[in-house]
Amino acid sequence: MLNIYWVSVFVATIFEVLWVIGLKYSSNIIEWITTIIFIALTFVLLTYAGKKLPISTTYTVFTGVGTVGTILVDIVFFGEELSMIKILFILLLIIGVVGLKVVTDSPQIITEKEKA
């Protein structure tokens, strides 16, 4: 089950894919400002998640999912070529990310009522 901290990692990953694309394709001040905002949001969300999740797993999941997301967006929207070797390595990344997520204990979120 995903908790709010893992959700923040995955949302940060979406922003990462957007700002990486922005770094390549931004061509005016509005696009650059948007890219900078996405960078800031990424790090705010990762910092939030890192307070409760193991940072090694958090960062590995973040970079792995971000890499796969960036490759897929590049293929779907920008015509990057897809080869069998890319598919193999994307699958290896996904297997590694899922494996780390499965073997990492998620923190239990304790509400104020449960503390009392």
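What FRET efficiency comes out for the pair Glu31/Ser83, r = Cβ-Cβ distance, R0 = 25 Å, nearest 0.05?
Once the sixth-power term is evaluated, E becomes 0.25.
Could you compute the FRET efficiency for Ser56 and Lys24, with r as their C-beta to C-beta distance and R0 at 25 Å, rounded to 0.05? Walk me through the numbers before you get to the answer.
Numbers: r = 29 Å, r/R0 = 1.14.
It comes out at approximately 0.30.
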Candidates for Cα extents along the principal axes in Å are [x] 47, 30, 20; [y] 46, 32, 24; [z] 55, 38, 19, and the calculated one carries label [z]
Across Leu93, Leu82, Leu18, the residue with the highest GNM fluctuation in the chain (Cα network, 10 Å cutoff) is Leu82
Less than 11 Å Cβ to Cβ from Asp74, Lys/Arg counted +1 and Asp/Glu -1: what total charge do the surrounding residues give? 0
Label-zone membership for the stretch 10-51, site Leu72, 7 angstrom Cα→C-beta point, backbone N under 19 Å: 10-22
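Here, each number is a calculation from the coordinates, and none is a lab measurement. Computed from a prediction, not measured in an experiment: that's the story for all the values here. Cβ coordinates were reconstructed from backbone atoms using ideal geometry, including for glycine residues, and neighbour counts include every protein chain displayed.
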